[in-house]
Amino acid sequence: MTVPFSRPSRLRSVASVLLLSLATLLRAQSPAPATEPAPTVAVLQERLEARLRDPRFAGALWSAKVVSLRTGEVWFEHEPRRLMSPASNSKLYAAALALDRLGSEARLETPVLATVPVDSAGEVKGDLVIYGRGDPDWNPRRRQEAFWKAFEPVVALVQKAGVRRITGDIVADATWFRMRNHGAGWTADDLNDYYGAEVSALTLEENYVDLRVTPGPAAGSLARVEVLQPLSGLTIVNDVRTIPAGGKARIVVHRLAGDAEVYLSGEIAVGAKEEITEATVPRPAQWYAAALREALLRAGVRVEGQARSRRWPEPSAAAQAPVVIGTVQSTPVRDQVTLIMKPSQNLRTDLLFAHLGELRRKADTPVWRTSEELAVEDLEAFLTEHRLLAEDVRFEEGSGLSRNNLTSAAAVVALLEHMTRHREATAFRESLPVAGVDGTLRRRMKDTPAAGNVRAKTGTLRWAQTLSGYMTTARGEPLAFSLMLNRYRPVGQRTGATELDEVAVMLAESQIGTGAP
């Protein structure tokens, strides 16, 4: 039996499905329709719950919690105990632990040692040993200073001790950290990028060099590559080609783990501006030793030996150097925490975290317990001491680059609330990026009620976006909040960061609270 008009009906059905799909896609790409700021907590809860349950998040996971710091009232929560990948929200825990255990005024120390005393002629007839303990300040790039300025504190100590000649070696000893040269749980891909640079108790320039790439004279010629920091030990293998004017630059850097060869490929157009990229340095303590030896020579100290380095599990050189020439001190922990949180710097975090772990080591601690493991143990102790949902914090390193770190929005908010009552509350709060102003939030939430108001730590991995911190509503109500979004696949221009920012703006603009608008 033939059904009249069956084919046209099917076509209309398909067209309807296509139109519906197109409408859904356009809705996902467009900002949410403007509404009046929420006047009550109940309205805010309804709007936030509807947003987080939107079909565009069907394959994603949310964990969120918002609390009034004035009353302790929970304004909103959605799966608050769900364990999520926090990405760099992990740094909230590492920073809080550092401020609690060390205090904001503490400084990390780097002893400068010698295997024999300085004799009456100003000679050290042995080795000079620099014993690293995680100080991240050997970084003139950040301060926009000349490379050699990093070594002035050590050179000054050596000269003050009357040393004019060293017959032995310059040894950079990084054995104080007992751990791998990367964070636990990092992926192999991370190790090729500056944010995955080696973790070493003795570092230099955050353990990566800058590479300047400029076009060759004509299309088809090799580009020029210059390493901007000296003595890294890297060998550059250049296969970047110059293309006709107007083309788009693309530079790819690849270094196999442990190797000193850096392979550059890609293209850059004739007449184009220079491109700056990076390459991580293997065994950074060796780079430090080589550069310090040269710095001493430049300062007129004769060094007859070579540059050497040690790292765990190699034997410590410091153990054979009983003479203390002096000690170099880092900037205060307050500054260290700010330089971790504002730019979300991984290496600094893991250096401070490992330092805390080593402070926990006792004479009877098994030698196989790593610095990271001890730091995680200390973090668990800190959270347990203050009843901060330690069971919701399952970390294996401090920076959040590990995909195995897990926590919940409820645990993060508990930490944030606790830190408002902590003796280091000001240092903790002021270390956070400010929306539309600085750090990783400098380009986000501009020209909104959140700008200059939201202080929060960002977090970004491929399938994890997080934002947690403090703000006040339009009526002056102080809030602590944590927003965690995992497994979200962006549609069009709607990134994970966009989704988080819009929720933060909804909170900031809400007309809820007891303060003046």
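Of all residues in the range 137-166, those that are small (G, A, S) have Cβ atoms under 7 Å from Cβ atoms of residues that are assigned to a helix (DSSP H, G or I), 6 or more apart or on another chain, in A146/P140; A150/P140.
Condition check ((1) within 18 Å of the chain's Cα centre (by Cα); (2) assigned to a helix (DSSP H, G or I); (3) under 16 Å from A94 (Cα atoms)) across all residues:
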residue	(1), (2), (3)
W368	no, no, no
E372	yes, yes, yes
A381	no, yes, yes
E396	yes, no, yes
S402	yes, no, yes
A410	no, yes, no
H418	no, yes, yes
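Residues that are of a type in the set (D, E) and in contact with a Pro (Cβ under 9 Å, 6 or more places away or on another chain) within the range 91-121 comprise just one, E105. Taking the range 325-366 as the region of interest, how many residues are touching a strand residue (DSSP E or B) at 6+ places or on another chain (Cβ under 8 Å) and either among the hydroxyl-bearing types (S, T, Y) or over 22 Å from M419 (Cα atoms) (or both)? Result for the range 325-366: 7. Scan the range 472-517 for residues that are crowded, with 20+ Cβ neighbours inside 10 Å and in a strand (DSSP E or B) and the total you get is 8.
Taking the listed residues G469, G452, G459, the one that is assigned to a loop (DSSP other than H, G, I, E, B) and in the same structural domain as H355 (by TED's automatic domain parsing) is G452, with no other qualifying. Taking the numbered list (1) over 11 Å from the mean Cα position of the chain (by Cα); (2) surrounded by 15 or more Cβ atoms within 10 Å (Cβ to Cβ) in turn, D364 passes all entries but (2).
Scanning the range 480-503 for residues that are in contact with a Gly (Cβ under 9 Å, 6 or more places away or on another chain) and aliphatic (A, V, I, L, M) returns A480, M484, L485. The set of residues in the range 37-55 being in contact with a Ser or Thr (Cβ under 8 Å, 6 or more places away or on another chain) and surrounded by 13 or more Cβ atoms within 10 Å (Cβ to Cβ) consists of P37, A38, L44, R47.
Kindly check whether there is at least one residue in the range 364-378 that is farther than 23 Å from D350 by Cα and out of contact with any Ser or Thr (no Cβ under 7 Å at 6 or more places or on another chain). There is at least one residue in the range 364-378 that is farther than 23 Å from D350 by Cα and out of contact with any Ser or Thr (no Cβ under 7 Å at 6 or more places or on another chain).
Taking the listed residues V491, V454, the one that is of a type in the set (A, V, I, L, M, F, W, C), farther than 15 Å from Y93 by Cα and at pLDDT below 95 is V491, with no other qualifying.
Is it the case that some residue within the range 434-446 is surrounded by 19 or more Cβ atoms within 10 Å (Cβ to Cβ), assigned to a helix (DSSP H, G or I) and on the phi > 0 side of the Ramachandran plot? So far as the range 434-446 goes, yes, one or more of its residues are surrounded by 19 or more Cβ atoms within 10 Å (Cβ to Cβ), assigned to a helix (DSSP H, G or I) and on the phi > 0 side of the Ramachandran plot. Residues that are within 30 Å of A354 (Cβ to Cβ) number at least 3 in the following strands (runs of 3 or more DSSP E) confined to the range 53-137: 109-114, 128-131.
Results for (1) in contact with a His (Cβ under 7 Å, 6 or more places away or on another chain); (2) farther than 23 Å from A60 by Cβ, shown as yes or no for each residue.
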| residue | (1), (2) |
| --- | --- |
| E396 | no, yes |
| L401 | no, no |
| H418 | yes, yes |
| D438 | no, yes |
| T460 | no, no |
| E477 | no, yes |
| T498 | no, no |
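Among the numbered conditions (1) in a helix (DSSP H, G or I); (2) crowded, with 19+ Cβ neighbours inside 10 Å; (3) in the same structural domain as F151 (by TED's automatic domain parsing), the only one that D350 does not meet is (3). Condition (residue is crowded, with 22+ Cβ neighbours inside 10 Å, assigned to a loop (DSSP other than H, G, I, E, B) and not basic (K, R)) applied to the range 205-226: is it met by at least one residue? Yes - at least one qualifying residue is present in the range 205-226. Based on what the data block shows, is R293 more than 27 Å from the chain's Cα centre (by Cα) and either buried (at least 21 other Cβ atoms within 10 Å of the Cβ) or modelled with pLDDT of 95 or more (or both)? The answer is yes for R293. Within the range 107-121, is even one residue under 21 Å from the mean Cα position of the chain (by Cα) and more than 23 Å from P478 (Cα to Cα)? The answer is yes, given that some residue of the range 107-121 is under 21 Å from the mean Cα position of the chain (by Cα) and more than 23 Å from P478 (Cα to Cα).
The values are calculated or read from the model by the stated rules, or taken from the named source; none is laboratory data. Everything numeric here is computed off the predicted structure, so don't read it as measured data. With ideal geometry, Cβ positions are generated from the backbone for all residues, glycine too; neighbour counts draw on all protein chains shown.
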